[in-house]
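See structure below.
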Amino acid sequence: MNIIINTTIWFLIGVFLLNIIVLAVFRTGIVYKSRKQDGTLKKKMAFAGILLFLIMLILILIFFIAFDYFAFKNIEQIKYIRVLSINLLLLLLLDFYDAFIIDIFVLTKWKPGFLKLSKELTPDSMKFHIKKQFTAGWIIKLPLILISSTLFYFLYR
């Protein structure tokens, strides 16, 4: 039961962080360092875009290791597969939130003025983005989950 509560709490923390990130990257325009005006990734990113991307990957690793620490700190016999499974579950929940709430609802339907969204950000470009998120995006997401689960498992068991 403790794992369910911790996963729920960290999902809500992740939702909060995702909302803050979306607000920050769109309000400042920094999102366009790694993306085109329509929201799709650039083929060749500027150094600032690559740096932003690497920082995000490191922050995601830290987020999942922190989640694992709080979710599993009181469990004596930690099984690696359990850590990996719970991390995967949390990633899926956050991925669905990002795709359906942020990408479809906020960026495509609502389009709030305070985000300073590009006019080129269309439902078609967001469909393309979401399709990539749920297909090719796993090339990045799966190693992140494997790395964070493995790091936690060997650091805190």
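The values are calculated or read from the model by the stated rules, or taken from the named source; none is laboratory data. Model, not experiment: these values are computed from the prediction. Cβ atoms come from the backbone with ideal geometry, glycine included; neighbour counts cover every protein chain shown. The protein model used for the area step is the full one, side chains on, heavy atoms only, and it has no ligands, DNA or RNA in it. Shrake-Rupley method; radii C 1.70, N 1.55, O 1.52, S 1.80 Å.
Below are the figures for this structure:
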item: 0 to 90° range, to nearest 10: angle between helix 2-28 axis and the chain longest Cα axis; result: 20 degrees
item: The range 1-76: trypsin sites (Lys or Arg not before Pro) in DSSP loop, at most 15 other beta carbons within 10 Å; result: Lys36, Lys42, Lys43, Lys44, Lys73
item: Net dipole in debye of the range 73-157 [+1 Lys, Arg Cβ; -1 Asp, Glu Cβ; about Cα centre; nearest 20]; result: 20 debye
item: Candidate lysines for bridging to Lys127, where Cα separation is under 26 Å - those fewer than 8 sequence places away on the same chain excluded; result: Lys33, Lys36, Lys42, Lys43, Lys44, Lys109, Lys111, Lys116, Lys119, Lys141
item: Placed amide H near Arg35: partners under 5 Å, 5+ positions off or other chain; result: Lys42
item: Computed lengthening from Lys79 to Leu142, 0.36 nm per intervening residue step minus Cα-Cα distance; result: 20.8 nm
item: Heavy-atom accessible area per residue - the chain, 1.4 Å, Å²; result: 62 Å²
item: Accessible area of the chain belonging to carbon and sulfur atoms, whole % at 1.4 Å probe; result: 72 percent
item: Relative contact order [Cα under 8 Å, 6+ residues apart], the chain, whole percent; result: 37 percent
item: Backbone HN-Hα couplings from phi across the range 122-135 [Karplus 6.51/-1.76/1.60, Hz, Gly and Pro as x]; result: 10, x, 5, 5, 6, 4, 4, 4, 5, 4, 5, 4, 8, 10
item: Mean-position separation - Cα centroids, the range 1-33 and the range 118-145, in angstrom; result: 16 Å
item: Farthest positive-ward along the range 1-122 dipole, Cα basis, beta-carbon charges - from Phe114, Ile9, Met56; result: Phe114
item: Base-10 log of normalised Debye intensity for the chain (one unit scatterer per alpha-carbon) at q = 0.12, 0.19 Å⁻¹; result: -0.56, -1.22
item: Tyr69-Phe154 pseudo-label distance in nm [points 7 Å out on the Cα-to-Cβ vector]; result: 1.8 nm
